[in-house]
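**Q** Here's a structure for you.
No value in this document is a laboratory result; all are computed from the given coordinates. Bear in mind that the values here come from a model prediction, so they are computed numbers and not experimental data. Cβ atoms come from the backbone with ideal geometry, glycine included; neighbour counts cover every protein chain shown.
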Amino acid sequence: LGLWPLGERTVALYGMVAGLGYSRRPAIRFATDLTRQTTLEKPSWCLHHLGGAPREVLTARDPALLCEPDG
């Protein structure tokens, strides 16, 4: 999402958008880093906000979510 002011500094802001297959209501969460911990927390918060969880979650090929590197 680009650079945004945060207190006395400017930080890169990232966003995650999620939606359950049966719902058109989006859930959006923001972060100031792309660490594995942050990346894994955001889907949980999005699903909690939406009030449900599917059997499987489809994602883009985010390196923090991949089990193996591309070969």
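**Q** Using only Cα atoms, tell me the angle between helix 36-50 and the longest principal axis of the chain; keep it within 0 to 90° and round to the nearest 10.
**A** 60
**Q** Just to be sure I follow the definition: excluding the sites themselves, where is the longest run in the chain that has none of the trypsin sites (Lys or Arg not before Pro) in a DSSP loop with at most 10 other Cβ atoms within 10 Å?
**A** The segment 25-54 is the longest one with no such site.
**Q** Figure the gain on full extension for residue 49 and residue 30 (residue separation times 0.36 nm, minus the Cα-Cα span) and round it to one decimal in nm.
**A** 5.5 nm
**Q** Then there is this: Please compute the contact order of the chain in relative form: average sequence separation of alpha-carbon pairs under 8 Å and at least six residues apart, divided by the residue count, as a percent.
**A** Computed over the chain, the figure is 24 percent.
**Q** A follow-up question, please. How much length, in nm to one decimal, is gained on full extension between residue 56 and residue 41, taken as 0.36 nm per residue of separation minus their Cα-Cα distance?
**A** Taking residue 56 through residue 41 to full extension adds about 3.8 nm, to one decimal.
**Q** With P(r) over Cα pairs in 10 Å bins from 0, in percent defined as stated, name the option among (1) 17, 45, 29, 9, 0; (2) 15, 16, 14, 14, 12, 9, 8, 6, 4, 2, 1; (3) 21, 64, 15 computed from the structure displayed.
**A** (1)
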